[in-house]
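Just below is one structure, and these are the notes that go with it.
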Amino acid sequence: MSTATRKIVPQLGFECFWYRTFVGRAHRALGLRATQLFWAILLESYRFLNERFQQGCDPTALGLYAEIESRSIMRARNDLVWRDHGMNAVYIGRTQDGRHIRVWYFDGARVP
């Protein structure tokens, strides 16, 4: 399950879709298959929201914002920019409780 809610990102000063994905405990035990499911949901969510941005449906939300809660993902995926699978998710800092913050801007987005 995933959700995307409009939110002003304080570090950026503009709105993005705050993205969350939840993988139930039973599915986390699947290991690689659960990981592939997480990335597939993320990629499809970005594709859908980017398409809406391109169509002018959500012109003020300039990208996908995510706080990475999984310690294992933060350890294993610590590149400044995630570029695999066509991504361009940029690390922009940490939350107060240590989560990595990433933003994946929509195609053609410009600083307001």
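Throughout, read-outs are computed from the coordinates displayed, never taken from laboratory work. The model shown is predicted, which means the values in this text are computed figures rather than measured ones. With ideal geometry, Cβ positions are generated from the backbone for all residues, glycine too; neighbour counts draw on all protein chains shown.
The packing ranking of peptides 16-22, 41-47, highest mean first, is 16-22, 41-47, where packing means the average number of other beta carbon atoms within 10 angstrom of each residue.
Take the Cα of Arg20, step 7 Å toward its Cβ, do the same at Gln36, and the gap between the two points is 2.8 nm.
For the chain, the longest principal axis of the alpha carbon atoms and the long axis of helix 32-54 meet at an angle near 10°. The modelled label-to-label distance between Lys7 and Arg99, using points 7 Å beyond Cα along the C-beta direction, is 0.6 nm. This model, with +1 at the C-beta of Lys and Arg and -1 at the C-beta of Asp and Glu, gives the chain a dipole about its Cα centre of some 360 debye. Neighbours of Ile92, meaning other residues whose beta-carbon lies under 11 angstrom from its beta-carbon, give a summed charge of +1 when Lys and Arg score +1 and Asp and Glu score -1.
How charged is the neighbourhood of Glu69? Take every other residue with its Cβ under 11 Å from the Cβ of Glu69, and add Lys/Arg as +1 and Asp/Glu as -1. Spelling it out: positives minus negatives among the neighbours equals +1. Net charge of the neighbourhood of Asp58, taken over other residues with C-beta under 15 Å away and scored Lys/Arg +1, Asp/Glu -1, is +2.
The residue list Tyr46, Trp104, Gln36 was ranked by how far each Cα lies along the charge dipole of the chain toward its positive end, using unit charges on Cβ atoms, and Gln36 comes out on top.
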